[in-house]
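The values are calculated or read from the model by the stated rules, or taken from the named source; none is laboratory data. Here the structure is a predicted model, which is why all the values come from computation and not from measurement. Cβ atoms come from the backbone with ideal geometry, glycine included; neighbour counts cover every protein chain shown. These accessible areas exclude ligands, DNA and RNA; they are computed on the full protein's heavy atoms, side chains included. Shrake-Rupley method; radii C 1.70, N 1.55, O 1.52, S 1.80 Å.
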Amino acid sequence: MKLIAFTAAAVVGVALAGSAAAAGPNLITNGSFEDAGTTGPAAIMTPWTYTSSFGTDTTHPATIIQYNSTAGYPSGAFGESIPTAPQISGDPDHPGNFAAYFVADDATETLSQTIHLNPGTYTIGFSAYIPLNGFDNSGDASFTGEVAGQNLVTFDVHSSGLPVQEWQTWDETLTVATAGDYLTQFTYHSGAAPAADVVIDDVFVVAGNITSSAPEPAAWALMIVGFGGAGAALRSRRRQVAAAA
């Protein structure tokens with residue numbers, strides 16, 4: 001009886017395992033900002049394109065900072081230790097040791113790259129974090145996260161209601177009907193000094209709906225066969241017991 005139960009469970013387990021879509025490569029290059037292996041504004045590497053329009057503050061462009069560091073700018077978030085971003089389900093890249101940090105006052109900055117997508121379904125997303133020292137500043141900042149042409153979020157740091165010092169993730173599936181180049185862009189616009197800050201990481205575009213946990217039709221078929229086989233074996237076992245009696 002134990003063997004029968006184990007066999008049925010194994011069939012169901014195999015079916016469920018086979019139904020989970022495997023994540024392909026991240027189509028965003030350097031989506032976790034690890035390629036430079038170091039910190040500072042110069043660590044924002046191609047194919048990311050950085051643009052800026054500064055007002056009064058020209059000395060704090062967007063930079064790459066190290067996690068869990070109390071270093072000052074440009075290697076850290078002005079002494080505030082930023083915890084490592086969580087691994088996003090479906091993102092094949094790991095958060096690693098570094099993240100991108102928007103911090104300039106009275107400025108508009110963008111970080112972008114363009115990728116080519118063919119028709120199909122994709123899973124897209126990224127994570128963002130609001131540091132406490134920036135949130136406590138009197139000036140506000142707005143932020144927009146757009147991945148593969150989809151606006152995933154737009155918020156003002158002070159009025160968004162988003163938790164401070166907690167990573168937030170936005171992800172969704174995207175259906176591409178027409179092959180072409182699709183823009184991923186993060187836009188940070190800060191008010192008067194001192195203004196709020198934003199940290200980002202885990203930018204990804206992956207082919208397929210990798211967030212789906214529903215079994216595929218073939219998996220359901222395997223499950224039905226498994227349950228049917230278990231039921232038939234159980235009935236046979238009962239008949240053998242009855243005959244022996």
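Points worth noting:
- Meeting the requirement of 2 or more residues that are within 30 Å of GLY208 (Cα to Cα) and touching a residue at least 60 places away in the same chain (Cβ under 8 Å), the strands (runs of 3 or more DSSP E) wholly within segment 18-116 are 49-54, 98-102.
- Long-range neighbours under 6 Å by Cβ, at least six apart or interchain, first residue over 16 Å from PRO92 (Cβ atoms) and among the aromatic types (Phe, Trp, Tyr) within segment 120-135, second assigned to a helix (DSSP H, G or I) and open to solvent by 20 Å² or more (accessible area, probe 1.4 Å): none
- Boolean, ALA148 is closer than 30 Å to ALA23 by Cβ and modelled with pLDDT under 85: no
- Scope segment 105-118; condition more than 20 Å from HIS60 (Cβ to Cβ) and open to solvent by less than 50 Å² (accessible area, probe 1.4 Å); matching residues: GLN113, ILE115, LEU117
- Among the candidates ASP136, ASP91, ASP140, residue that is out of contact with any Gly (no Cβ under 6 Å at 6 or more places or on another chain) and modelled with pLDDT of 95 or more: ASP136
- Neighbours by Cβ (under 9 Å, 6+ apart or cross-chain): first from segment 145-156, within 17 Å of PHE102 (Cβ to Cβ); second of a type in the set (D, E, K, R) and outside any strand (DSSP E or B): ASP156/ASP140
- Of all residues in segment 45-77 being hydrophobic (A, V, I, L, M, F, W, C) and surrounded by fewer than 18 Cβ atoms within 10 Å (Cβ to Cβ), the one that is nearest to ALA99 (Cα to Cα): MET45
- Annotation: of all residues in segment 119-168 being under 18 Å from ALA62 (Cβ atoms) and charged (D, E, K, R), the one that is surrounded by the most Cβ atoms within 10 Å (Cβ to Cβ) is GLU146.
- Any hit, segment 8-26, residues being at pLDDT 95 or above and on the phi < 0 side of the Ramachandran plot: yes
- Subset of segment 27-44 [over 19 Å from the mean Cα position of the chain (by Cα) and open to solvent by 30 Å² or more (accessible area, probe 1.4 Å)]: ALA36, GLY37, THR38, THR39, PRO41, ALA42
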